[in-house]
């Protein structure tokens, strides 16, 4: 049970980090910040 | 034996070198360093200010300015004639260029697996291509005649701009024909051992020449849309390479290359479905069921990245000319993108339906059948969002009743952020169907199977959240620059799912336990889905080909040579729709003819003396 939980936590952590890095990379490549504060950009 | 092997190795090497040379033929001869080809065609970096000689003045002739009287009138709309013939040539051209591409891969697969079924299937695919090739050439010749007859000034100008490159195209066409016939008719003569590698090299050569043919012809179309290598009045000021490599050339090359594979896969899938439904034995039905599955696999796999290539093309069109981009997606042609959504939705629904039906071939599919209804719901919701128009055609009474020109609920769904979410989710869920289908006859035996599955589920979940978040937040709550920028995030999320899914499954199911599959044990309805695919693909190609060509509006060559013919206007959507339908029906009729011919070649008449009971009767029996 604990082992399963670790597997899932590990899988989601890796995936979240990957997608965050991907988003950051793609937006910075276009000269845009990854605006995560939900404030409309000007 | 050893000497023979060495000599064959030389033959392969020679063929490969010829393939490489032919592939880079146009590029190598047309570099700005100036070979005979460049010098023969271009004014080699000559600017208008440097014109001093009479010869240079001749080279700097502007594009012609024909009057209406310069267009021959044969009593029928010239545009309609060229429209139909050009579209038919393109359909068949796409088919004959695409089929050898995946045939080569299937043939290679047969060599590596040692399974002769792959080889037989590849050979049968080529049988369809060989008949289609003759029809392609016939339509190509007719198109050239029609263009020279009906648009003489335009063709004179195109000949002046492209010059000897047109002859290179002709030479390539000869090469393509010769290699194609050797490749097809030499199949059984070069089937085993070293000879097989000679045959594979011929296939590679065929595809090299075919791809070069395609990109050469593409340069004519893209020159008309976004001319390069000419000045503002259309005089040639660059060499042939500068003329060819306009801003839209590579986007079109990539888009057509992928689209051709998807289209070719769909057409041969219909052939397999036709043969499967007509099969009289269990073995034949199983064979054609497997062939149909392979065709669908090719069509859907090529189709998944296609929207991204289309996205790149449209982005380049906008970058080249905002006016052209807005004409396509914001003006009269915008409605055609709604029809495009309907057709792509049809393709995805048909492709998914085929996969779901095909899961009945194996008992292992029961593990995944529960997912199907959820995938179907997502696909239908996304499809409905995609087809929602932003601006409705309304009467004044309807606008008053609505309280504005945009419906308060449907308005937000009609803009790109919503559609981007819908398209990406449809692709992700189609891949999910594809993946569960592939997994249904296997049980993973690797020790890390549980972790691998958890990772795949996490990738799906986070990618879906990322696609929705990027679309909603950046699409609706920030300004336009973020909206466009974040669409790349969505595209990359979808591609991540596809690439990770393919790679992960390749390792996860290495040495997996295989459950029995019963080829042929599939409903007839699944075969009808295989008929729906090529029809929708054909219609889609006719539709988007029309959009691509129409963005030039009243120009033969955009901003350089005006169209002053009686047809120099964008026709109504209804008229264009009828034309697309005519070419689609015509293509389907020709494809049926090809299927019939392919079937006829495998049919042998039984001699009268062999039929004991009815000596005078002539019976026809299929050997398949």
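At a glance:
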quantity: For the range B:341-463, the spread of Cα positions along each principal axis, largest first, Å; calculated: 66, 29, 19
quantity: Stokes-Einstein D for the range B:427-547, Kirkwood Rh over Cα pairs, 10 °C, 1.306 mPa s (µm²/s); calculated: 91 µm²/s
quantity: Relative contact order for chain B, counting Cα pairs under 8 Å that sit 6 or more residues apart, in percent; calculated: 18 percent
quantity: Percentage of interatomic Cα-Cα distances in the range B:86-205 larger than 17 Å; calculated: 61 percent
quantity: Hydrodynamic radius by Kirkwood, which averages 1/r over all alpha carbon pairs of the range B:162-256, in angstrom; calculated: 15.1 Å
quantity: Convex hull volume per residue for the range B:157-217, taking Cα atoms only, in Å³; calculated: 58 Å³
quantity: Cα-Cα pairs of the range B:122-167 separated by more than 17 Å (percent); calculated: 52 percent
quantity: Three principal axis lengths of the range B:504-562 [C-alpha, angstrom, descending]; calculated: 65, 33, 10
quantity: Those residues of the range B:147-174 whose amide nitrogen sits under 16 Å from the label point placed on residue B:67, 7 Å along Cα→Cβ; calculated: B:153
quantity: Cα-based Kirkwood hydrodynamic radius, the range B:231-315, one decimal, Å; calculated: 15.4 Å
quantity: Rounded D (µm²/s) - the range B:474-624, Kirkwood Rh over Cα pairs, Stokes-Einstein at 20 °C, 1.002 mPa s; calculated: 94 µm²/s
quantity: Pairs of Cα atoms farther than 32 Å apart, the protein assembly as shown, %; calculated: 58 percent
quantity: Calculated Rg and Dmax of chain B using C-alpha coordinates, Å; calculated: 26.7, 90
quantity: The range B:53-125: mean projected area of Cα convex hull, nm²; calculated: 10.3 nm²
quantity: Residue B:400-residue A:25 pseudo-label distance in nm [points 7 Å out on the Cα-to-Cβ vector]; calculated: 5.8 nm
quantity: The range B:249-381 pair-distance distribution - Cα-Cα, 5 Å bins, rounded %; calculated: 2, 9, 13, 17, 17, 15, 11, 7, 5, 3, 1, 0
quantity: Rg(Cα)/(2.2 N^0.38 Å) for the range B:361-412, N = residue count; calculated: 1.94
quantity: Largest-first ellipsoid semi-axes for the range B:84-156, taking √(5λ) over the Cα gyration tensor eigenvalues, angstrom; calculated: 36, 10, 7
quantity: Calculated SAXS-style log₁₀ I(q)/I(0) at q = 0.23 Å⁻¹ - the range B:238-280, Debye, Cα scatterers; calculated: -0.78
quantity: Helical mean residue ellipticity (222 nm; -39500 (n - 2.57) per DSSP H run of 4+; nearest 500) of chain B; calculated: -24000 deg cm²/dmol
quantity: Rounded FRET efficiency, nearest 0.05, which uses the C-beta distance separating residue B:461 from residue A:1 and R0 of 22 Å; calculated: 0.55
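Where a number appears in this text, it was derived from the coordinates with a stated rule and is not lab data. What you see is a predicted model, and the numbers here were worked out from it, not measured in a lab. Glycine gets a Cβ as well: all are built from the backbone with ideal geometry, and neighbour counts include every protein chain shown.
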